[in-house]
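Report on the structure given below.
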Amino acid sequence: MISRREFLKSGIKLAIILTLPVSSAKSEKYVYVIDASRCIGCGSCVRACREENNVPEGKYRTWVERYVVYMNEGIEEVYVESPEGGEHGFEDLDFSDKEVLRAYFVPKLCMHCEKPPCVKVCPVNATWLTDDGFVLIDEDHCIGCKYCIQACPYGARYFHEEKHVVDKCTWCYHRVKRGMKPACVHVCPTGARIFGKIDDKEIEERLRDPTIKILKPELNTRPKVFYQKIGWEVW
(Lines give C-alpha, C1' and ligand atoms only; values in the text may rest on other atoms or scores of the structure.)
Protein backbone atom coordinates (compact mmCIF):
# COMPACT_ATOMS: atom_id res chain seq x y z
CA MET A 1 0.00 0.00 0.00
CA ILE A 2 1.17 3.53 -0.74
CA SER A 3 -0.03 6.72 0.88
CA ARG A 4 -2.25 9.23 -0.91
CA ARG A 5 0.63 11.73 -0.89
CA GLU A 6 2.99 9.21 -2.54
CA PHE A 7 0.31 8.33 -5.11
CA LEU A 8 -0.18 12.00 -6.04
CA LYS A 9 3.56 12.60 -6.28
CA SER A 10 3.92 9.60 -8.58
CA GLY A 11 1.09 10.89 -10.74
CA ILE A 12 2.70 14.31 -11.04
CA LYS A 13 6.05 12.79 -12.04
CA LEU A 14 4.29 10.66 -14.66
CA ALA A 15 2.55 13.75 -16.03
CA ILE A 16 5.92 15.47 -16.43
CA ILE A 17 7.39 12.47 -18.26
CA LEU A 18 4.40 12.21 -20.58
CA THR A 19 4.70 15.92 -21.33
CA LEU A 20 8.19 15.67 -22.79
CA PRO A 21 8.08 15.93 -26.59
CA VAL A 22 8.44 12.60 -28.36
CA SER A 23 9.93 12.61 -31.84
CA SER A 24 12.32 10.66 -34.01
CA ALA A 25 14.11 13.98 -34.48
CA LYS A 26 14.37 14.58 -30.75
CA SER A 27 17.21 17.10 -31.04
CA GLU A 28 15.02 19.38 -33.15
CA LYS A 29 12.45 19.84 -30.38
CA TYR A 30 12.77 23.01 -28.33
CA VAL A 31 11.71 23.54 -24.74
CA TYR A 32 11.71 26.46 -22.32
CA VAL A 33 12.69 26.24 -18.65
CA ILE A 34 12.09 28.93 -16.02
CA ASP A 35 13.84 28.92 -12.64
CA ALA A 36 11.48 30.93 -10.42
CA SER A 37 14.10 31.19 -7.67
CA ARG A 38 16.24 33.34 -9.97
CA CYS A 39 13.52 35.70 -11.21
CA ILE A 40 13.72 39.12 -9.52
CA GLY A 41 10.67 40.65 -11.17
CA CYS A 42 12.64 43.37 -12.94
CA GLY A 43 10.43 43.33 -16.05
CA SER A 44 13.36 43.36 -18.48
CA CYS A 45 11.89 40.36 -20.31
CA VAL A 46 8.52 42.06 -20.81
CA ARG A 47 10.11 45.26 -22.12
CA ALA A 48 12.44 43.34 -24.45
CA CYS A 49 9.53 41.34 -25.82
CA ARG A 50 7.50 44.48 -26.50
CA GLU A 51 10.37 46.10 -28.38
CA GLU A 52 11.37 42.99 -30.32
CA ASN A 53 7.86 42.02 -31.38
CA ASN A 54 6.11 45.41 -31.54
CA VAL A 55 3.59 44.36 -28.92
CA PRO A 56 0.92 47.08 -28.47
CA GLU A 57 0.65 48.91 -25.15
CA GLY A 58 -1.54 47.14 -22.65
CA LYS A 59 -0.99 43.75 -24.30
CA TYR A 60 1.61 41.13 -23.42
CA ARG A 61 3.25 38.16 -25.09
CA THR A 62 5.03 37.46 -21.82
CA TRP A 63 4.37 38.81 -18.36
CA VAL A 64 5.49 38.28 -14.77
CA GLU A 65 3.34 37.46 -11.75
CA ARG A 66 4.23 37.80 -8.06
CA TYR A 67 3.01 35.15 -5.62
CA VAL A 68 2.95 35.71 -1.86
CA VAL A 69 1.80 32.83 0.33
CA TYR A 70 0.96 33.82 3.89
CA MET A 71 -0.98 32.75 6.97
CA ASN A 72 -4.17 34.64 7.79
CA GLU A 73 -5.75 33.64 11.09
CA GLY A 74 -4.38 30.14 10.73
CA ILE A 75 -5.41 29.76 7.09
CA GLU A 76 -2.89 29.64 4.23
CA GLU A 77 -3.80 32.23 1.62
CA VAL A 78 -2.25 33.39 -1.66
CA TYR A 79 -1.83 36.93 -2.97
CA VAL A 80 -1.14 37.22 -6.70
CA GLU A 81 -0.46 40.37 -8.69
CA SER A 82 0.93 41.41 -12.06
CA PRO A 83 0.80 45.23 -12.32
CA GLU A 84 1.09 46.17 -16.00
CA GLY A 85 2.29 42.64 -16.65
CA GLY A 86 5.28 43.27 -14.39
CA GLU A 87 6.75 45.36 -17.19
CA HIS A 88 7.94 48.11 -14.84
CA GLY A 89 8.80 45.93 -11.88
CA PHE A 90 6.99 45.58 -8.57
CA GLU A 91 6.57 47.86 -5.56
CA ASP A 92 7.33 46.67 -2.03
CA LEU A 93 4.42 45.04 -0.24
CA ASP A 94 3.56 45.51 3.43
CA PHE A 95 2.93 42.08 4.90
CA SER A 96 4.44 42.98 8.26
CA ASP A 97 1.27 41.85 10.05
CA LYS A 98 1.26 38.48 8.27
CA GLU A 99 3.34 35.35 8.51
CA VAL A 100 4.78 35.08 5.00
CA LEU A 101 5.59 31.49 4.10
CA ARG A 102 7.10 32.16 0.68
CA ALA A 103 7.16 34.77 -2.07
CA TYR A 104 8.48 34.59 -5.60
CA PHE A 105 8.02 35.78 -9.19
CA VAL A 106 6.73 33.60 -12.02
CA PRO A 107 7.20 34.58 -15.68
CA LYS A 108 4.35 33.47 -17.95
CA LEU A 109 4.19 33.03 -21.74
CA CYS A 110 2.77 30.74 -24.41
CA MET A 111 3.38 27.10 -23.46
CA HIS A 112 3.79 25.94 -27.09
CA CYS A 113 1.88 22.79 -26.19
CA GLU A 114 2.54 19.47 -27.88
CA LYS A 115 -1.25 19.06 -27.99
CA PRO A 116 -2.41 22.69 -28.36
CA PRO A 117 -6.17 23.19 -27.91
CA CYS A 118 -5.89 26.53 -29.74
CA VAL A 119 -4.93 24.71 -32.95
CA LYS A 120 -7.90 22.37 -32.73
CA VAL A 121 -10.50 25.13 -32.53
CA CYS A 122 -9.18 27.40 -35.31
CA PRO A 123 -11.77 27.19 -38.13
CA VAL A 124 -9.35 28.35 -40.85
CA ASN A 125 -6.12 26.62 -39.77
CA ALA A 126 -4.46 29.96 -39.13
CA THR A 127 -2.60 28.59 -36.12
CA TRP A 128 -0.50 25.44 -36.33
CA LEU A 129 2.25 23.40 -34.69
CA THR A 130 5.60 23.33 -36.48
CA ASP A 131 7.79 20.23 -36.73
CA ASP A 132 10.24 21.71 -34.25
CA GLY A 133 7.56 22.38 -31.64
CA PHE A 134 6.50 26.01 -32.10
CA VAL A 135 2.84 27.03 -32.12
CA LEU A 136 2.52 29.88 -34.62
CA ILE A 137 -0.18 32.09 -36.14
CA ASP A 138 -0.52 33.07 -39.80
CA GLU A 139 -1.78 36.67 -39.71
CA ASP A 140 -2.81 36.47 -43.36
CA HIS A 141 -5.28 33.69 -42.60
CA CYS A 142 -6.44 34.67 -39.10
CA ILE A 143 -10.02 35.99 -39.20
CA GLY A 144 -10.00 37.28 -35.63
CA CYS A 145 -12.79 35.00 -34.40
CA LYS A 146 -11.01 34.68 -31.01
CA TYR A 147 -11.90 31.00 -30.60
CA CYS A 148 -8.24 30.25 -29.87
CA ILE A 149 -8.16 32.89 -27.13
CA GLN A 150 -11.03 31.14 -25.39
CA ALA A 151 -9.45 27.72 -25.90
CA CYS A 152 -6.06 28.60 -24.40
CA PRO A 153 -6.07 27.50 -20.73
CA TYR A 154 -2.99 29.60 -19.98
CA GLY A 155 -4.30 33.03 -21.05
CA ALA A 156 -1.41 33.39 -23.47
CA ARG A 157 -3.29 34.90 -26.46
CA TYR A 158 -4.69 38.36 -27.03
CA PHE A 159 -6.52 40.22 -29.79
CA HIS A 160 -4.44 42.77 -31.70
CA GLU A 161 -6.87 45.65 -32.20
CA GLU A 162 -4.93 47.36 -35.00
CA LYS A 163 -4.28 44.24 -37.05
CA HIS A 164 -7.60 42.58 -36.17
CA VAL A 165 -5.86 39.26 -35.60
CA VAL A 166 -4.86 37.16 -32.63
CA ASP A 167 -1.28 37.43 -31.37
CA LYS A 168 0.87 35.65 -28.79
CA CYS A 169 4.40 34.65 -27.84
CA THR A 170 6.25 32.78 -30.59
CA TRP A 171 9.39 32.10 -28.54
CA CYS A 172 10.83 34.66 -30.98
CA TYR A 173 10.74 32.11 -33.78
CA HIS A 174 12.39 34.60 -36.16
CA ARG A 175 15.38 34.88 -33.82
CA VAL A 176 15.67 31.15 -33.08
CA LYS A 177 15.77 30.33 -36.80
CA ARG A 178 18.81 32.63 -37.02
CA GLY A 179 20.56 30.83 -34.18
CA MET A 180 19.65 33.42 -31.55
CA LYS A 181 17.86 33.14 -28.22
CA PRO A 182 14.37 34.59 -27.63
CA ALA A 183 14.60 38.27 -26.66
CA CYS A 184 13.33 37.62 -23.13
CA VAL A 185 16.00 34.96 -22.56
CA HIS A 186 18.73 37.19 -24.00
CA VAL A 187 18.05 40.10 -21.61
CA CYS A 188 17.32 38.19 -18.39
CA PRO A 189 19.98 39.47 -15.94
CA THR A 190 19.84 36.45 -13.63
CA GLY A 191 19.56 33.54 -16.05
CA ALA A 192 16.06 32.67 -14.85
CA ARG A 193 14.95 31.87 -18.40
CA ILE A 194 16.59 28.97 -20.24
CA PHE A 195 15.76 27.98 -23.81
CA GLY A 196 17.14 25.32 -26.10
CA LYS A 197 16.76 21.93 -27.73
CA ILE A 198 15.53 19.15 -25.51
CA ASP A 199 18.82 17.26 -25.69
CA ASP A 200 21.00 20.28 -24.83
CA LYS A 201 23.08 19.41 -21.78
CA GLU A 202 21.76 22.27 -19.62
CA ILE A 203 18.17 21.52 -20.60
CA GLU A 204 18.56 17.83 -19.79
CA GLU A 205 20.00 18.71 -16.37
CA ARG A 206 17.15 21.11 -15.65
CA LEU A 207 14.49 18.57 -16.59
CA ARG A 208 15.99 16.09 -14.11
CA ASP A 209 15.49 18.57 -11.27
CA PRO A 210 12.98 17.05 -8.79
CA THR A 211 11.31 20.47 -8.43
CA ILE A 212 10.43 20.66 -12.16
CA LYS A 213 6.75 21.23 -12.86
CA ILE A 214 4.36 22.05 -15.68
CA LEU A 215 1.21 24.14 -15.39
CA LYS A 216 -2.21 22.45 -15.44
CA PRO A 217 -0.87 18.91 -16.04
CA GLU A 218 -4.39 17.50 -15.71
CA LEU A 219 -5.34 19.08 -19.07
CA ASN A 220 -2.88 16.87 -21.00
CA THR A 221 -1.89 19.72 -23.34
CA ARG A 222 1.75 18.65 -22.94
CA PRO A 223 3.18 22.17 -22.47
CA LYS A 224 6.84 22.68 -23.35
CA VAL A 225 7.45 25.36 -20.73
CA PHE A 226 8.82 23.86 -17.52
CA TYR A 227 9.13 25.55 -14.12
CA GLN A 228 11.64 25.04 -11.36
CA LYS A 229 10.97 25.89 -7.72
CA ILE A 230 7.34 27.00 -7.87
CA GLY A 231 4.64 26.05 -5.35
CA TRP A 232 1.28 24.38 -5.74
CA GLU A 233 -0.39 27.79 -5.85
CA VAL A 234 0.87 28.41 -9.40
CA TRP A 235 -0.67 25.25 -10.86
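Structure notes:
- Meets criteria (open to solvent by less than 30 Å² (accessible area, probe 1.4 Å) and assigned to a strand (DSSP E or B)) for residue 195: yes
- Condition check for residue 185: within 20 Å of residue 87 (Cβ to Cβ), crowded, with 16+ Cβ neighbours inside 10 Å, among the hydrophobic types (A, V, I, L, M, F, W, C) and at pLDDT 95 or above: yes
- Any hit, the stretch 108-125, residues being modelled with pLDDT under 95 and out of contact with any Lys or Arg (no Cβ under 6 Å at 6 or more places or on another chain): no
- Residue within the stretch 164-174 that is at pLDDT 95 or above, over 21 Å from residue 130 (Cα atoms) and surrounded by fewer than 16 Cβ atoms within 10 Å (Cβ to Cβ) present: yes
- Residue count, the stretch 168-191 (criterion: closer than 18 Å to residue 112 by Cβ, out of contact with any Ser or Thr (no Cβ under 7 Å at 6 or more places or on another chain) and assigned to a loop (DSSP other than H, G, I, E, B)): 7
- Close pairs from the stretch 77-105: first among the basic types (Lys, Arg), partner modelled with pLDDT under 95, Cβ under 8 Å, at least 6 apart: 98/72; 102/231
- Flag for residue 77 being open to solvent by less than 50 Å² (accessible area, probe 1.4 Å) and not small (Gly, Ala, Ser): no
- Pair list, Cβ under 8 Å, 6 or more apart: the stretch 45-65 residue modelled with pLDDT under 95, other residue surrounded by fewer than 19 Cβ atoms within 10 Å (Cβ to Cβ): none
- Cβ pairs under 7 Å, 6+ apart, first in the stretch 176-188 and closer than 13 Å to residue 44 by Cβ, second among the acidic types (Asp, Glu): 183/52
- Annotation for the stretch 214-231: no member residue is small (Gly, Ala, Ser) and modelled with pLDDT of 95 or more.
The values are calculated or read from the model by the stated rules, or taken from the named source; none is laboratory data. On a predicted model such as this, the values are computed, not experimentally measured, just so you know. Reconstructed Cβ throughout: ideal geometry from the backbone, glycine too, with neighbour counts over all protein chains shown. The protein model used for the area step is the full one, side chains on, heavy atoms only, and it has no ligands, DNA or RNA in it. Shrake-Rupley method; radii C 1.70, N 1.55, O 1.52, S 1.80 Å.
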